[in-house]
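Everything below concerns the one structure shown next.
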Amino acid sequence: FAIFDFASPTTEFSVKFDLKLSGASEGVWSFFAGSGATYGNNAVFANAQTFSGLRWTFATNGGILSSNRSGTSWQSLNQVAFAQDTPFTVEILGNNGLNPITYRESYTLNPGTWDLWVGDVLAVSGLGKAGLASNSAVDSFMFYGENSPGNAATMQLDNIVYANHVVPEPSTAVLLAMAVAATAVFVSRLC
């Protein structure tokens, strides 16, 4: 499954989705974000066209081994405990630009890195990018399955949200100011 060649792409992005993996002791599902023909032509992923890669490998014990694409190789993500038959909300925030990005008031996303959130928890920060050239816009993402005998390894997806920027969470002060302003407008309409 791929969505590619977005209008108005930028060097920063966020993708959030609900995920549930199940059904197998073999197989691999991956998420890739980047730019290039690999996202629109049913081809195997191309490292040179990939900014971020996240892979879930189904294990013989019914577990899930996760890894990220850093440079030209896969690196284990032991600090993230994905499991079969368990729903997860995954959020990937990427910065392929030249300057750091501050988001959610206190988190910094350095150039050439991405952060992985699972649920409301920053699971891993500062993951290295794959092979997409620095300062290239990210205009595509895909979910990619392989090596599952009988296609037994399943991935259920829901609530996919993409943005061509790193989505900032509003601060408590901003939310409070909005609530006060809305109340003031409501009161003034009553008077």
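Being acidic (Asp, Glu), touching a residue at least 60 places away in the same chain (Cβ under 8 Å) and more than 20 Å from VAL44 (Cβ to Cβ) narrows it down to one of GLU105, GLU146, so name that one.
Every option except GLU105 fails the conditions.
Here are SER8, SER35, SER73: which of them is modelled with pLDDT under 95 and over 19 Å from LEU157 (Cβ atoms)?
SER8 is the lone residue from the list that is modelled with pLDDT under 95 and over 19 Å from LEU157 (Cβ atoms).
What number of residues in the range 113-156 are assigned to a strand (DSSP E or B), among the polar types (S, T, N, Q) and open to solvent by less than 30 Å² (accessible area, probe 1.4 Å)?
Total satisfying the criteria: 2.
Evaluate the following for VAL90: is it more than 17 Å from GLY128 (Cα to Cα), hydrophobic (A, V, I, L, M, F, W, C) and buried (at least 16 other Cβ atoms within 10 Å of the Cβ)?
yes
Taking only the range 69-79 into account, find how many residues are small (Gly, Ala, Ser) and not in a strand (DSSP E or B).
Adding up the residues that qualify gives 1.
The values are calculated or read from the model by the stated rules, or taken from the named source; none is laboratory data. Note that the coordinates shown come from a computational prediction; the quantities given were computed from them, not determined experimentally. Backbone-built Cβ (ideal geometry, glycine too); neighbour counts: all protein chains shown. When the accessible area is computed, the model is the full protein with side chains, heavy atoms only, and any ligands, DNA or RNA have been set aside. Shrake-Rupley method; radii C 1.70, N 1.55, O 1.52, S 1.80 Å.
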